[in-house]
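One structure is given below, encoded as structure tokens.
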Amino acid sequence: MVRFWLQYEPILRMSDVYELEQKYLVNGLYKTADELLQIKMKSYENLEESETQSKKPQIFIDQLFKRRSEFSYEEIKDECMTVIAAGFDTIAITMSFIVLILAMHQDVQEKAFQELQHVFNSNDEDVDEEKISQLTYLDLVIKETMRFWPTAPFFARLVTEDIEVGKLFKSNETKIFVTLGSHVVPAKSIILVPVNKIHRNKDYWGDDADEFKPERFNSESFRNVPTYAYVPFAKGPRNCIGGNYAMKAMKIALSYFLRNYKVTTDLKVEDITFELVITARIIQGCKVKIMKRVSPSL
Ligand code: HEM
């Protein structure tokens, strides 16, 4: 269900979504972030110029403060808020989808657990870059969940010049998709790219597009899937800047969680319906039973 009317600001302002946004984002999250930024700024004020010019890789906020003369405090705050707003909710929703889908597919969960057993020596061993790179099956699970239930089910783009679009067909010789022009989308239109539909299109993904199969990302047929048929982080110059970070963050969190807990659910894939505002929400809720794994070590 998409509430398109919420894209129109005067209507959005009268809605329950806006009220919630004000309560949790503006008064809650934004206020906390502002307080943390003030502390950070004070710590920078006490540093000598040479100390702020460290060559070591720095987190986003440090990079902004390092270039303090180029940005006002308000600009730094706005940039931080954008990253917080764009990064937290999306990761939290995607993680909840992954946990639910693993609860629905016990065989996949078991395989992911087997991989964790193989990679880690104990259920509280720390995760590092090396371990993350070995979690290849978990990588497939995350990718497939984002195909199956994309967190950002659509994104909008402003058309800057008339573009001709038409039916897509697949050339047997080249195995690429070609556009036959037959309609014009006029400049200044706003188009919605339906990620959730593209990700389930059988022309791109095959007859099993509606099935949850992590292995598909490793298969021979995946080579034939066009690049723009998989866009959980959008594509192009305004795509997600946090995609790699998000993948790592999710792998780290899941590697701890799945080593220690097993999840089950009474929900089935066919029970699930979504509310689509900006991100997708499962109307039934991500209801899972969480059980501590009994083995003392892996
Ligand atoms: C699973 C997690 C995430 C998903 C599914 C996701 C998805 C997306 C999508 C689809 C867009 C394009 C939106 C549009 O064009 O309308 C986007 C943009 C963006 N994302 Fe993410 N994102 C995730 C995590 C993150 C994280 C962790 C960060 C920051 C650390 C982040 C920062 C941003 C920013 C700043 C933009 C705007 C880029 C621009 O307009 O140039 N995202 N994200």
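The values are calculated or read from the model by the stated rules, or taken from the named source; none is laboratory data. Because the structure is a prediction, the values reported are computed rather than measured. Backbone-built Cβ (ideal geometry, glycine too); neighbour counts: all protein chains shown.
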Residues located in the range 114-167, provided they are outside any helix (DSSP H, G or I) and closer than 20 Å to Pro232 by Cβ:
Leu135, Trp149, Pro150, Thr151, Ala152, Pro153, Phe154, Phe155, Ala156, Arg157
Subset of the range 258-283 that is within 23 Å of Phe217 (Cα to Cα) and either free of Cβ contacts under 8 Å to residues at least 12 places away in the same chain or within 16 Å of the ligand (Cβ to nearest atom) (or both) - its residue that is nearest to the chain's Cα centre (by Cα):
Ala280
Read through the list (1) under 30 Å from Glu129 (Cα atoms); (2) within 16 Å of the ligand (Cβ to nearest atom); (3) free of Cβ contacts under 8 Å to residues at least 60 places away in the same chain, then give the number of the only condition that Lys197 fails.
(1)
Restricting to the range 209-241, count the residues that are in a helix (DSSP H, G or I) and within 12 Å of the ligand (Cβ to nearest atom).
0
If Thr227 meets every condition in (1) exposed (fewer than 14 other Cβ atoms within 10 Å of the Cβ); (2) within 14 Å of the chain's Cα centre (by Cα); (3) of a type in the set (Ser, Thr, Tyr) apart from one, which number is that one?
(2)
Out of all the residues in the range 192-208, which are assigned to a helix (DSSP H, G or I) and charged (D, E, K, R)?
Lys197, Lys202, Asp203
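Yes/no matrix, rows are residues, columns are (1) surrounded by fewer than 19 Cβ atoms within 10 Å (Cβ to Cβ); (2) within 13 Å of the ligand (Cβ to nearest atom); (3) at pLDDT below 95:
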position: Val99; (1), (2), (3): no, no, no
position: Leu102; (1), (2), (3): no, no, no
position: Gln106; (1), (2), (3): yes, no, no
position: Gln109; (1), (2), (3): no, no, no
position: Phe120; (1), (2), (3): no, no, no
position: Leu138; (1), (2), (3): no, no, no
position: Pro150; (1), (2), (3): no, yes, no
position: Arg157; (1), (2), (3): yes, yes, yes
position: Glu161; (1), (2), (3): yes, no, yes
When the range 56-97 is checked residue by residue, the ones that are among the β-branched types (Val, Ile, Thr), within 14 Å of the ligand (Cβ to nearest atom) and either part of a helix (DSSP H, G or I) or at pLDDT 80 or above (or both) are Ile61, Thr82, Val83, Ile84, Thr90, Ile91, Ile93, Thr94
Hey, Asn244 polar (S, T, N, Q), assigned to a loop (DSSP other than H, G, I, E, B) and either more than 16 Å from the chain's Cα centre (by Cα) or within 16 Å of the ligand (Cβ to nearest atom) (or both) or not
no
Only one of (1) at pLDDT 95 or above; (2) more than 17 Å from Ala86 (Cβ to Cβ); (3) outside any helix (DSSP H, G or I) does not apply to Pro296, and that is (1)
Testing Gln114 on (1) within 18 Å of Leu258 (Cβ to Cβ); (2) modelled with pLDDT under 95, one condition comes back false. Which one is that?
(2)
